[in-house]
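What follows is calculated from the coordinates using simple rules that are stated; it is not laboratory data. These numbers come from a predicted model, not from an experiment. Note that we place each Cβ from the backbone using ideal geometry, even for glycine, and neighbour counts take in every protein chain shown.
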Amino acid sequence: MPPTPRLGRLLAAPPLFWLWAFFAGPLIYLLALSFATKGPYGEVEWTLTIENYQRTLEWIFVTIFMHSYWLALLTTLLCLLISIALSWSIATLPRAYRSWTLVVITVPFLMNLITRIYALKSVVSYDGPAVAVGRILFGDGIDPLDLSQNQFLVLYGMVATYLPFMLFPIYVSFEKFDFQQIEAVYDLGGSPRRALLQVLLPQLRPAIASGIVMVFVPTLGEYVIPDLLGGAKVMLSGNLITEEFLKTRDWPFGAALATELIVFMSLVTWIFATWGARRGGQQ
């Protein structure tokens, strides 16, 4: 007996309630909070104002957000280039070696994120091996803080953390890809550039779009990695929002910053989801 519309509505009620209670509800509250006012003791006063959004246009906050966008873009680009090269290499290995290669790549990511970041931090810490090697090569003039807390470490931590989110979708597409198409392009006199742009990338487009969304969006709001590997030298949008909520206790301003970030993330997700779903990516 086919399900009746009433039964379908009853079955849909629990997930819809969950969606509204734990996803849409907090977002609506965050949006409302962004128009509130901070009280003299850090409490929230429901005096509606747009001053919080006007403050986000101050140059110091614009600089932090632009730095966050640039770092997220660079992380995504590096993950994309590494994933394409690595996926291509793995997909052309004999089938007996592919599984072992994937296991070797996957095992480190079964460890907790904080544990992995602290492991990296211990390598470049004040008495870690990286500082010891640096002192041997460059003498006592080297500053351990320059090695243990810098923007390059933050970038490395970002790439090392989010690489699987780009790698696995692209690898799945490579595994389904017929490499005889590349040979056919060469047989017809085509160049490697044409094979890459007109044959390979159009078929990888949905996977690339998915990987970009899964890397760019979380790195844009990341605060744990910059906090642990960047110290006080690297302030990103995620760290700024965290500081406003937990230390400054200016919840309305933090909500305004978070709302703008969510809107930008939603726009990026929509753009790449649309690009990935284009007809050319499904050929």
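Quick notes on this structure:
- Averaging Cα coordinates gives a centre for the stretch 8-86 and one for the stretch 156-173; these two points are 24 Å apart.
- Between Leu31 and Phe179, the distance separating the two model label sites (each 7 Å from Cα on the Cα→Cβ line) works out to 5.0 nm.
- Computed over the stretch 23-282: relative contact order in percent, which uses C-alpha pairs under 8 Å that are six or more apart: 30 percent
- Relative packing of peptides 81-91, 156-166 - highest average C-beta neighbours within 10 Å first: 156-166, 81-91
- In the stretch 23-282, taking the dipole from charged Cβ atoms about the Cα centre, the farthest positive-side position among Ile64, Thr219, Leu102 is held by Leu102.
- With θ taken as phi - 60° and the Karplus curve 6.51 cos²θ - 1.76 cosθ + 1.60 applied, the whole-hertz 3J(HN,Hα) list for the stretch 181-191 is 5, 5, 5, 5, 4, 5, 5, 8, x, x, 8 Hz, x standing for glycine and proline.
- Look at the dipole of the stretch 23-282 built from charges on Cβ: of Gly230, Ile170, Ser210, the Cα furthest out on the positive end belongs to Ile170.
- Within the same chain, aspartates and glutamates fewer than 8 places from Lys121 are excluded, and of the rest, those with a Cα less than 18 Å from its Cα are Asp143, Asp146, Glu222, Asp227.
- Assigned charges on the beta-carbon of Lys, Arg, Asp, Glu; the chain dipole about Cα centre (debye): 1040 debye
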